């Protein structure tokens, strides 16, 4: 009921606060016999970890995953895969200034209201550090659903926007620049812009586009668990996400049916893909693509007025090592959540027919 | 696993095809003692039903709900509420032309692929007729969570867009015009436009905005079941929805943190509401608002090329009585799904503290 | 949360009170393509219905099932199967005497405590009438898992006990006597005994044994959802059940390991079957068998002292048409619940391997 | 789907094999503000651990629990409680003899069939070592539901049976003898008997009785999730359990209704308690009591014929350090599972009324 489990057949349950001894998760429902490549998992984790480039937070967290169960002789055994990432960089003293005060646009206030008190060290459970567990599980999910290929990338930072990101087919540059933008010129612009924002003690939002290729026909369930609906939940569950659209998205709302409909080729593929690879909630074999909007990080290096837990006004000064823009590090998280959704529906789809 | 249940504590399971004998649902988890106003339910159903105005489909379906269980002496008993709406207007002959062919941008093709065959009468389970059951359950959910007030309305039809819809406070005109737009001048424009679109044998998309007032602090769960993430799933599970954004949404991705952060008043309310009433996935007591993008209805009154189930090209002529624009009738559906989400989180939140 | 859904992949949600307009259920997760034999369902319902013989309640309830969805052209479509049984024999006036008083060993008192009030007509939701929906769903489950064969029968009525019921292989007499005991001599004894009990205005308990043959190896999950654990829950969820044991059961607790262990034949079958067809929670291909203990029906035709809802002592006289012994009519219910469990694990097992 | 999660509102997900690096679990749904006594948890773990007395296995496993999240300043925070117990005594070499052979009445064979291969070190996931995680979670559940008091004890070992165990009110001797039998004379007899059985290289079964006092009225849900049904599943999910009965149990099946019914006192308590504290699946405030039958441990110190994974007959010699009788160490496991069930229903019951 507390919502720390995602998925129905391939499920991930996560635990852990940013400043406790460890965070981790349990994958339940991974079929036996999936070859598990631990290095691939660590590689995805490294794409998410702090300190990887000049434009992200400079905190040092090695984020090494330890797998405690469910893998034997290099393969999943069908039993739950428990894993842990120890927190090695807890500087609790950094956070004493927020113990009694509520950072604007953070979860501090609502946690105190909902639970009566909170683990005030660094955001506790509301910290995006929790997503490290998702990346581990998503990486295993990718291995289950191969040869499906999932690729996310940054398509906007502030007002710098890549046009028609769903049309991009060359992904080779994405991991070669710190922004994770597929276009070299735009990547350079975005990088400079993020550096300027950080210099201003400010933050900025952005958009991640994700494309999934080689998805078989039939994933997704017709009513409440439409493929795109669960993808939407998955993306909106990532810290700082404000919006989700797939296929033609909000732009599609402007169109007429005669322009929007995707006509069929004789092999069942479609001539256009306004549907974004999903019809009636079920994958149709075309590329799945969608956009995810991220707000600017709420922690800024400027002083802001706020209140404390007695309702009195206090001035708060931004401290710590935070990201000026969250999207570069969120790319592997978007991929991980996509993989979890597709893995879950892959297993669920095995029961669609007698 | 097949995804016909929504919610975790307050759950709705729906069943029924557009052309079977009946559709309906079961609500499980409604606490005992909620006064159930059957007329209010029927009123919401009537807002969704076909034939209610000149700009919606002219099919005649009375959509009368029968409650079979769970209500006694005017109150919920705590046991499951089973209800049924009999289909009285099944003209199966209208649909024989689609038995073997795949309508563009419909679910016909993926159903055949996923299930091996399909109930080809009028879309079967993929028909938006299924949402009638959601409206019944949503209406009961509204009664559970009173005095929360949920109001949806049409904020865009094609390119006709109401500016700053979240700022609208006068809802009185919404039910007084067939478009369900709160602004009289814009409503008239939209109505004319929809009529023109229909005359063209075409359809058009639109946007619905929804506002929830009087929501208590604390609804939503921190990680995967963030309030806005589950709202997103709920909205994206409605037929024809392509996108969801809450609070500042996609526009928020362009902003800097210094402009986006919502500063606190001393009573815990915020001076701005870019957060859309949700912080860290949990309601903060401010108005919740979000936008939902709908694509144009796929059934157009024009001939289109498509394929049949042998993969051969055929020409398909639009038939039947369909909506030229889905958003006016989708307003009560958006409200219903919002109510289901808030009811579920209301019950779940009862267990947040000892 | 309210527990009206059973199963995880093949799920049944039931609704309905004994004296409302109808009861019914929704099966979600039945794969597409299962041939659905409506007559077979009705036949199972008729085995459960009142008035079928001289030793059961003489209430008249036709219990005709109407299927509203999910079946098309004689096969399941993969969408939810909604079904309803209308109540045609509600004599609410029979029950006014229990409106304010609590029948001993019934649920009246706890319902009032838990929910604040109750539907006092004939037990409402606590009535075993709810099990009619289980029989419908169980009959569909049997069709899904064919050629698994499930056979339940009465193995004890009061102190009349059939020795070694798990060894019985001739089931032909079961449906030829009103007690549903496979042994003609014992069946006659039991029938006379039940008649005597009824003449005494009393009731008596009994035991049902169930055997499932042709169960494939691999059904059941290793830890909390062991096959026999979920079977146990399924059986204990039937009204009046007090105990469950499988394989050697309580008698096995007396044995030594050297006597209890089932040694293997070379084909993986075992020489003995103290395990009751289940090892480590997973079916091993041998016959599954178990015993289910039913208490005597609480409604007796004698006057009993009890209390009313003001806590005052009142005398209550048994009324109505009740079963003197519940086990003959419970046989199809035990089979139905067994079928639901096996169907669910059959689908879940499809995901055990890559 | 793989069944490694127990509970619906207060949930426990476990992971870990007997010979991996660690086992553990995640509790999700524990309300914030529960004082968490780590020493009490460790004490319960110590009651389960090997090597605690002369009549249990002499393996040395310290079983120290580490809590990684969800507890802050001595109280639960409302976020998931992740915990781990490192395995410190894995002697994998002890188990090489079972890599290719199937131990009689163990899960080896069915695991290989279900999953294609298995972690053959010491039973892997099928080892009762997994129950250590249950004891941790159960101990936290006990702290949530205080002042409910749960007490389990050994009521039978082989044919040595304590009469009317549900009538025992003096629990003081239970933890003062290695058998955990409340009666000193019987405890001594049982202890001698277990020693003899071990000397014979054999094992023996037994029965545990459990009593829960101070349970409030209203726990349990009416239909599938009856309190005793979920208790039944909980108990049957413990390794080696063969049967479950509550209240009058199997003996109640022999009685007549006039003898079995529990008549009310004016305060709503009952004069007798054949119902075992549960009416219609809901607690009625009387003591809950039930019996759990355990088979003899399958690993015996004698040679047995069995088969290997090529279907060839081999002789297997019992090795290792195993329990001659499982019930003394299973007492805290029975309590833990009872606590998990009652905690879950306590939270679920908060939503029974408006």
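The values are calculated or read from the model by the stated rules, or taken from the named source; none is laboratory data. This structure is a prediction, so every number in the text was calculated from the model and none was measured. With ideal geometry, Cβ positions are generated from the backbone for all residues, glycine too; neighbour counts draw on all protein chains shown.
For the condition surrounded by fewer than 23 Cβ atoms within 10 Å (Cβ to Cβ), within 14 Å of residue C:83 (Cα to Cα) and within 14 Å of another protein chain (Cβ to nearest Cβ), what is the one hit in C:32, C:22?
Values: C:32 fails: within 14 Å of residue C:83 (Cα to Cα).
When all the criteria are applied, what remains is C:22.
When the residues of the range B:156-172 are filtered to those that are in a loop (DSSP other than H, G, I, E, B) and within 14 Å of chain A (Cβ to nearest Cβ), which remaining residue is nearest to residue B:246 (Cα to Cα)?
Filtering first and then ranking leaves B:162.
Name every residue in the range B:294-306 that is within 7 Å of chain A (Cβ to nearest Cβ) and in a loop (DSSP other than H, G, I, E, B), in order of residue number.
Taking the range B:294-306 and keeping what is within 7 Å of chain A (Cβ to nearest Cβ), we get B:294-298, B:300, B:302, B:304-306.
Once the filter is applied, which keeps residues that are within 7 Å of chain A (Cβ to nearest Cβ) and in a loop (DSSP other than H, G, I, E, B), the range B:294-306 yields B:295, B:296, B:297, B:298, B:300, B:302.
Condition first: out of contact with any strand residue (DSSP E or B) (no Cβ under 7 Å at 6 or more places or on another chain), within 30 Å of residue B:347 (Cα to Cα) and surrounded by 15 or more Cβ atoms within 10 Å (Cβ to Cβ). Can you find one or more residues in the range B:58-80 that meet it?
yes
I need the full set of residues from the range D:101-155 which are assigned to a helix (DSSP H, G or I), free of Cβ contacts under 8 Å to residues at least 12 places away in the same chain and surrounded by fewer than 23 Cβ atoms within 10 Å (Cβ to Cβ), in order please.
D:113
Pick out the one residue from A:86, A:97 that is touching a strand residue (DSSP E or B) at 6+ places or on another chain (Cβ under 8 Å), modelled with pLDDT of 95 or more and more than 17 Å from residue B:284 (Cβ to Cβ).
Values: A:97 fails: modelled with pLDDT of 95 or more.
Being touching a strand residue (DSSP E or B) at 6+ places or on another chain (Cβ under 8 Å), modelled with pLDDT of 95 or more and more than 17 Å from residue B:284 (Cβ to Cβ) holds for just one of A:86, A:97, which is A:86.
Name the residues in the range D:135-154 that are in contact with a strand residue (DSSP E or B) (Cβ under 7 Å, 6 or more places away or on another chain) and within 14 Å of chain A (Cβ to nearest Cβ), would you? Walk me through how you get there before you give the answer.
Within the range D:135-154, the subset in contact with a strand residue (DSSP E or B) (Cβ under 7 Å, 6 or more places away or on another chain) is D:136-137, D:140, D:142-143, D:148-154.
D:136, D:137, D:140 - these are the residues of the range D:135-154 that are in contact with a strand residue (DSSP E or B) (Cβ under 7 Å, 6 or more places away or on another chain) and within 14 Å of chain A (Cβ to nearest Cβ).
Hey, among A:274, A:265, A:309, A:291, which residue is more than 7 Å from every other protein chain (Cβ to nearest Cβ), in contact with a helix residue (DSSP H, G or I) (Cβ under 8 Å, 6 or more places away or on another chain) and surrounded by fewer than 19 Cβ atoms within 10 Å (Cβ to Cβ)?
Working: A:274 fails: surrounded by fewer than 19 Cβ atoms within 10 Å (Cβ to Cβ); A:265 fails: in contact with a helix residue (DSSP H, G or I) (Cβ under 8 Å, 6 or more places away or on another chain); A:291 fails: surrounded by fewer than 19 Cβ atoms within 10 Å (Cβ to Cβ).
Only one candidate qualifies: A:309.
Answer yes or no: is there a residue in the range B:161-170 that is touching a residue at least 12 places away in the same chain (Cβ under 8 Å) and touching a helix residue (DSSP H, G or I) at 6+ places or on another chain (Cβ under 8 Å).
Applying the first criterion (touching a residue at least 12 places away in the same chain (Cβ under 8 Å)) to the range B:161-170 yields B:161-162, B:165-166, B:168, B:170.
Still in the running and touching a helix residue (DSSP H, G or I) at 6+ places or on another chain (Cβ under 8 Å): B:162.
Yes, the range B:161-170 contains a residue that is touching a residue at least 12 places away in the same chain (Cβ under 8 Å) and touching a helix residue (DSSP H, G or I) at 6+ places or on another chain (Cβ under 8 Å).
Yes or no: residue C:279 touching a helix residue (DSSP H, G or I) at 6+ places or on another chain (Cβ under 6 Å) and either at pLDDT below 95 or within 9 Å of another protein chain (Cβ to nearest Cβ) (or both)? Let's see the steps before the verdict.
Working: touching a helix residue (DSSP H, G or I) at 6+ places or on another chain (Cβ under 6 Å): yes; either at pLDDT below 95 or within 9 Å of another protein chain (Cβ to nearest Cβ) (or both): yes.
So residue C:279 fits the description; yes.
I'd like the full set of residues that are more than 30 Å from residue B:247 (Cβ to Cβ) and free of Cβ contacts under 8 Å to residues at least 24 places away in the same chain, limited to the range B:277-309. So that I can check it myself, show each step before the final result.
Step one: filter the range B:277-309 for residues more than 30 Å from residue B:247 (Cβ to Cβ), giving B:298-309.
Hits for the range B:277-309 are B:303, B:305.
How many residues are buried (at least 21 other Cβ atoms within 10 Å of the Cβ) and touching a strand residue (DSSP E or B) at 6+ places or on another chain (Cβ under 7 Å) when one looks only at the range D:167-185?
4
Please verify whether the range C:51-63 includes one or more residues that are modelled with pLDDT of 95 or more, within 30 Å of residue B:1 (Cβ to Cβ) and under 23 Å from the mean Cα position of the chain (by Cα).
From the range C:51-63, those modelled with pLDDT of 95 or more are none; that's our starting set.
No, the range C:51-63 contains no residue that is modelled with pLDDT of 95 or more, within 30 Å of residue B:1 (Cβ to Cβ) and under 23 Å from the mean Cα position of the chain (by Cα).
Return the total of residues in the range C:307-332 being part of a loop (DSSP other than H, G, I, E, B) and closer than 29 Å to residue C:41 by Cβ. Walk me through how you get there before you give the answer.
From the range C:307-332, those part of a loop (DSSP other than H, G, I, E, B) are C:309-312, C:318-326; that's our starting set.
This time we only want the ones that are closer than 29 Å to residue C:41 by Cβ, so: C:320-326.
Summing the residues that are part of a loop (DSSP other than H, G, I, E, B) and closer than 29 Å to residue C:41 by Cβ in the range C:307-332 gives 7.
I'm trying to understand the selection: among the residues of the range B:212-250, which are out of contact with any helix residue (DSSP H, G or I) (no Cβ under 7 Å at 6 or more places or on another chain), at positive phi and crowded, with 24+ Cβ neighbours inside 10 Å?
B:247
Quick check on my filter: what residues within the range B:1-19 are touching a helix residue (DSSP H, G or I) at 6+ places or on another chain (Cβ under 6 Å), assigned to a loop (DSSP other than H, G, I, E, B) and either without any contact (Cβ under 8 Å) to a residue 40 or more places away in the chain or more than 7 Å from every other protein chain (Cβ to nearest Cβ) (or both)?
Answer for the range B:1-19, where residues must be touching a helix residue (DSSP H, G or I) at 6+ places or on another chain (Cβ under 6 Å), assigned to a loop (DSSP other than H, G, I, E, B) and either without any contact (Cβ under 8 Å) to a residue 40 or more places away in the chain or more than 7 Å from every other protein chain (Cβ to nearest Cβ) (or both): B:1, B:7, B:10, B:18, B:19.
Taking residue D:45 as the residue in question, decide whether it is assigned to a helix (DSSP H, G or I), in contact (Cβ under 8 Å) with a residue 60 or more places away in the chain and in contact with a strand residue (DSSP E or B) (Cβ under 7 Å, 6 or more places away or on another chain). Steps first, answer last, please.
Details: assigned to a helix (DSSP H, G or I): yes; in contact (Cβ under 8 Å) with a residue 60 or more places away in the chain: yes; in contact with a strand residue (DSSP E or B) (Cβ under 7 Å, 6 or more places away or on another chain): yes.
Considered against the rule, which asks whether it is assigned to a helix (DSSP H, G or I), in contact (Cβ under 8 Å) with a residue 60 or more places away in the chain and in contact with a strand residue (DSSP E or B) (Cβ under 7 Å, 6 or more places away or on another chain), residue D:45 comes out as yes.
Just checking, does the range C:196-208 include any residue being more than 8 Å from every other protein chain (Cβ to nearest Cβ) and in contact with a helix residue (DSSP H, G or I) (Cβ under 7 Å, 6 or more places away or on another chain)?
The answer is yes, given that some residue of the range C:196-208 is more than 8 Å from every other protein chain (Cβ to nearest Cβ) and in contact with a helix residue (DSSP H, G or I) (Cβ under 7 Å, 6 or more places away or on another chain).
Looking for something more than 21 Å from the chain's Cα centre (by Cα), more than 27 Å from residue B:4 (Cα to Cα) and touching a residue at least 40 places away in the same chain (Cβ under 8 Å) - is there at least one such residue anywhere in the range A:207-218? If you could, list the steps in order and put the result at the bottom.
Going residue by residue through the range A:207-218, those that are more than 21 Å from the chain's Cα centre (by Cα) are A:216-218.
Imposing the further condition that a residue be more than 27 Å from residue B:4 (Cα to Cα) reduces the set to none.
No, the range A:207-218 has no match at all.
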